[in-house]
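The values are calculated or read from the model by the stated rules, or taken from the named source; none is laboratory data. Quick caveat: nothing in here was measured; it's all calculated off a predicted structure. As a convention, Cβ positions derive from the backbone with ideal geometry for all residues, glycine included, and neighbour counts pool all protein chains shown.
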Amino acid sequence: MPTIVVEVMPKAELLDPQGKAVAGALRRLGKTEFTGVRVGKRFELTVEGPADAALLAEVQELADTVLSNSVIEDVTSIFVLEAVAGETH
Amino acid sequence: MRIGVVTFPGSLDDRDAQRAIRLAGATPVALWHGEHDLHGVDALVLPGGFSYGDYLRCGAIASLSPIMAEVIDAANKGMPVLGICNGFQMLTEAHLLEGGLIRNEAGAFICRDQRLRIENTDTAWTNGFTANQEITIPLKNGEGGFIASTDTLARLEGEGRVIARYLDVNPNGSLNEIAGISNARGNVVGLMPHPEHAVEPGFGPDTALAMRSGVDGLAFFTSVIERSLVNA
């Protein structure tokens, strides 16, 4: 069963309080080599059939309209995870 | 006048909104997210809470629920719609209002009695206020930071569509201290603080006169009733 991954990040120009909180924790741990942290989302959509062009077009549409809100987020990548070798269908 | 209050799974303030409507002098009508029926109401309130757990984004899944098709249609035809807190988030997710709401700048959930200035008294929900009236109503949110693109923000400000602005402190990092906005027509209003929690003496914010005597939120609900009488 192919899995399509959609990754969504808060818009770069917006403050990301979640990332800021994690960055603060790293700083307190002495991990000063990290100058910034941003936190996003990853969706994994599993389908029974092939991840063909039509399906990927539909995923793109859903990514833009449902999985993300273009006012506050960007869809940064969409890709297909190949089925694990030896997996039966 | 009959005002519908839509209950979603995870709504918290639906009954408070119904009570505010009753105290303002109208008849509240409980509506259910899973229906496609507005039961002939004259106006709508989308209440606060954490609809569908806010799992995708705040208000996002609610904005896709069955009844929202009717809500969007009615709003586009001019029906007064007030979105409070999670309801405001739903209105932005449904594209009935511009901009978006993100996690509070300080990263913490904020709960306080908040002073506001009402800057637009022409909308269906704010016409009962006087221009630049200062009010205090409760604010309680985790993701109330209002954001919009530079162009959108300039348009909202230029068209006078910022209906309420935070005073004293900016509790959640909202751009331009924006607490609430309206659509161009003025029938759809989104507000992050909670007017329905300041409608009855004994249960509102403290005032200089007495503890919990603040009823500054009531005028949002009386506004829409007055407007309907004028238009009748």
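List of remarks:
- Test: residue in region B:29-49 that is closer than 17 Å to A:Val71 by Cβ, assigned to a loop (DSSP other than H, G, I, E, B) and not aliphatic (A, V, I, L, M): no
- When residues of region B:53-67 are limited to those that are assigned to a helix (DSSP H, G or I) and within 13 Å of another protein chain (Cβ to nearest Cβ), the one surrounded by the fewest Cβ atoms within 10 Å (Cβ to Cβ): B:Leu64
- Among the conditions (1) surrounded by 22 or more Cβ atoms within 10 Å (Cβ to Cβ); (2) within 14 Å of chain A (Cβ to nearest Cβ), the only one that B:Leu175 does not satisfy is (1).
- 3 or more residues of a type in the set (A, V, I, L, M, F, W, C): qualifying strands (runs of 3 or more DSSP E) within chain A: A:3-10, A:73-81
- With respect to being within 14 Å of another protein chain (Cβ to nearest Cβ) and among the β-branched types (Val, Ile, Thr), B:Ile102 fits the description.
- Every residue from region A:11-23 that is modelled with pLDDT of 90 or more and more than 9 Å from chain B (Cβ to nearest Cβ): A:Gly19, A:Val22, A:Ala23
- Residue list for region B:60-75, restricted to those being in contact (Cβ under 8 Å) with a residue 40 or more places away in the chain and under 11 Å from B:Leu91 (Cβ atoms): B:Ala62, B:Val71, B:Ala75
- Matching residues in region B:73-99 - criterion: being within 14 Å of chain A (Cβ to nearest Cβ) and not acidic (Asp, Glu): B:Phe88, B:Gln89, B:Met90, B:Leu91, B:Thr92, B:Ala94, B:His95, B:Leu96, B:Leu97, B:Gly99
- Considering (1) under 17 Å from the mean Cα position of the chain (by Cα); (2) β-branched (Val, Ile, Thr); (3) crowded, with 18+ Cβ neighbours inside 10 Å; (4) farther than 15 Å from B:Lys140 by Cβ, the lone condition that B:Ile84 does not fulfil carries the number (4).
- The listed residues are A:Glu44, A:Glu33, A:Glu7, and the only one of them that is over 24 Å from B:Gly142 (Cα atoms), more than 10 Å from chain B (Cβ to nearest Cβ) and in contact (Cβ under 8 Å) with a residue 12 or more places away in the chain turns out to be A:Glu44.
- Residue selection: A:Val75 satisfies the criterion of being within 14 Å of another protein chain (Cβ to nearest Cβ), of a type outside the set (Lys, Arg) and touching a helix residue (DSSP H, G or I) at 6+ places or on another chain (Cβ under 8 Å).
- Number of the condition not met by A:Ala63 [criteria: (1) small (Gly, Ala, Ser); (2) more than 23 Å from B:Ala106 (Cβ to Cβ); (3) surrounded by fewer than 16 Cβ atoms within 10 Å (Cβ to Cβ)]: (3)
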